[in-house]
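Please read the structure below before turning to the comments.
The values are calculated or read from the model by the stated rules, or taken from the named source; none is laboratory data. Note that the structure is a prediction, hence the values are computed from the model and not measured. In this analysis, Cβ positions are derived from the backbone assuming ideal geometry, glycine residues included, and neighbour counts consider all displayed protein chains.
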Amino acid sequence: MADRDGLIWLDGEMVPWREARVHVLTHTLHYGMGVFEGVRAYATDRGPAIFRLEDHTGRLFRSAKILNMPMPFDADTLNAAQKQVVRENGLDSAYIRPMCFYGSEGMGLHADGLKAHVMVAAWTWGSYLGEDNMVNGIRVKTSSFTRHHVNSAMCKAKANGHYFNSMLAVNEVSADGYDEALLLDADGYVAEGSGENVFIVSNGELITPDLRSALDGITRRTIMTYAQEMGIPIREKRMTRDEIYVADEAFFTGTAAEVMPIRELDNRSIGNGRRGPLTEQLQSRYFDQVMGRRDDHAEWLAFV
Ligand code: PMP
């Protein structure tokens with residue numbers, strides 16, 4: 001990743017990719033106290049467009065507030081920076097990574113004088129969990145690692161340190177040949193995937209875990225908006241893993257993962273064992289949206 005051509009926005013300047021470096025004593029590298037976003041831009045007939053840019057930037061600011069990190073730039077500046085990295089790297093479609101982190105101004109948990117820094121990078125990234133799986137669905141396993149308790153981590157924040165738990169879960173299940181992990185909360189109820197929200201379809205109803213210990217996903221919100229518009233009943237509630245075993249359909253949502261069918265959980269085939277009909281409908285509506293093929297919600301696309 002570090003050795004490639006291109007430009008990265010760092011603290012207000014466009015810096016050559018290979019020179020966008022930090023010191024080994026970077027505070028966030030040691031303690032994980034930082035916030036970030038994962039955003040995507042898609043190729044449309046009118047050029048690259050960033051999907052729900054302002055919503056992602058809004059969450060970045062809320063994450064910083066939760067961690068009490070002073071954000072050194074305003075939202076307009078960071079929105080412009082995200083457009084700029086796509087444009088100046090000549091990308092048609094991109095994954096965009098803004099991150100706010102503490103620098104190497106001090107060490108230790110009590111460090112004074114830390115400064116928050118912001119970087120924004122963008123690169124081409126295809127389907128996160130595999131193009132074929134978009135049709136066939138992925139194989140998921142419940143992780144033995146528990147998702148964060150609401151009082152040990154702040155689930156409304158997309159914070160760097162949270163992803164240590166996600167990586168334990170992913171590494172555990174991928175070593176056994178599964179595509180993705182499902183994490184349960186501290187009470188044993190379904191929380192989310194390592195980087196996705198989860199939905200099931202049961203008797204024509206769309207059901208998703210409430211946000212007690214899951215990230216308030218922007219793709220989750222998009223799908224819930226579609227369900228309302230399509231007249232599909234939708235419910236947020238506590239969910240058990242066996243509700244997924246017996247669901248008619250299941251899928252993950254996330255900016256990186258997009259709308260990804262789940263064909264199997266814990267070696268139980270879900271529904272028809274492949275992408276379900278409602279999953280397919282929601283997935284194609286989502287792709288039509290992000291690629292600018294729908295007139296509705298035009299405000300969700302920010303052209304670069
Ligand atoms: N949960 C977690 C833990 C995530 O990392 C993500 C990805 N940001 C999501 C859910 C989905 O969020 P979004 O749809 O906003 O990408």
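Summary table
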read-out	value
Filtered residue count, the range 193-239, keeping only those that are farther than 24 Å from Ala159 by Cβ and among the small types (Gly, Ala, Ser)	4
Failed criterion for Asp216 (all others in (1) out of contact with any helix residue (DSSP H, G or I) (no Cβ under 9 Å at 6 or more places or on another chain); (2) within 16 Å of the ligand (Cβ to nearest atom); (3) closer than 23 Å to Arg97 by Cβ; (4) touching a residue at least 24 places away in the same chain (Cβ under 8 Å) hold)	(1)
Residue within the range 178-201 that is more than 15 Å from the ligand (Cβ to nearest atom) and polar (S, T, N, Q) present	no
Residue list for the range 142-189, restricted to those being in contact with a Gly (Cβ under 9 Å, 6 or more places away or on another chain), among the small types (Gly, Ala, Ser) and either closer than 19 Å to Pro209 by Cα or in the same structural domain as Phe101 (by TED's automatic domain parsing) (or both)	Ala153, Ser166, Ala169, Ala181
